[in-house]
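See below for the structure under consideration.
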Amino acid sequence: MDKIFSDSIIKSYFSLICEYPSSIMVFSEHDKCEQIGYIIEGKLELIHYTLEGEERVLATLSSGDLFGDFLINSKHPYYPGHLMTKETSRICYLEKANLNKLLVKNKKFRNYYLSQLSEKALNLNLHNKILMQPSLEEKIFMWLNHNVYEKENKIVKIKTKEALANYLNVTRPSLSRKLKELKSRGLIEYGKNFIKIL
């Protein structure tokens, strides 16, 4: 059973479960965040479109994740992108007043909530460090080295090259060219769903 809803006391503070089909916009960019969401089942992406119309995935969320937790107590509590379902998803919501009550009264929820915030902050910090690297090669190797260290495995799995290109804020063709170059130099090996440091 999932982390929050195994506790009936915590569950009682949340709204009824809302079910969304795939490809539905749950919130639009610039919508005000007035409650946090908890994903019981499914997958969502936070998407921003550049002025040129290019899609950028800011975050991918799945079962057990919260969203809106960074925004709810912010001085600027507005979504930075469109929150879209990628598959049928079941979500429930926690109003700000109930959030504050749970944080004070329930240690289990407080620990879970703070853990989520900490993980997101660390991931955001890592992402910013990677994007600050002056070249695509340095971005790739910082990302690879972090994953190798964390997973203790020189083979790093990737969902798709398009997803990795989006994460590194480069085009798919630019990433493909760089990976081919690094392979030709004997620095990496790669396939459809992995990259290996040699």
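We did not get these values from a lab; they are worked out from the coordinates using the rules stated. Model, not experiment: these values are computed from the prediction. FYI the Cβ positions are ideal-geometry reconstructions off the backbone, even for glycines, and counts take in every protein chain you see.
Side notes on the structure shown:
- When each of H30, H48 is tested for being within 22 Å of P80 (Cβ to Cβ) and part of a loop (DSSP other than H, G, I, E, B), the lone residue that passes is H30.
- Residues in the range 102-149 that are over 18 Å from Y38 (Cα atoms) and assigned to a loop (DSSP other than H, G, I, E, B): M132, Q133, P134, S135.
- Subset of the range 102-142 [surrounded by 13 or more Cβ atoms within 10 Å (Cβ to Cβ) and of a type in the set (S, T, Y)]: Y112, Y113
- Selection count, the range 147-192, where residues are out of contact with any strand residue (DSSP E or B) (no Cβ under 6 Å at 6 or more places or on another chain) and under 25 Å from E54 (Cβ atoms): 24
- Once the range 85-128 is narrowed to residues that are among the basic types (K, R) and over 18 Å from the mean Cα position of the chain (by Cα), the residue that is farthest from L44 (Cα to Cα) is K105.
- Residues satisfying the stated conditions in the range 157-173, i.e. of a type outside the set (A, V, I, L, M, F, W, C) and surrounded by 12 or more Cβ atoms within 10 Å (Cβ to Cβ): K161, E162, N166, Y167, N169, T171, R172
- Exactly one residue among L58, L71 is farther than 16 Å from E19 by Cβ and outside any loop (DSSP other than H, G, I, E, B), and that residue is L58.
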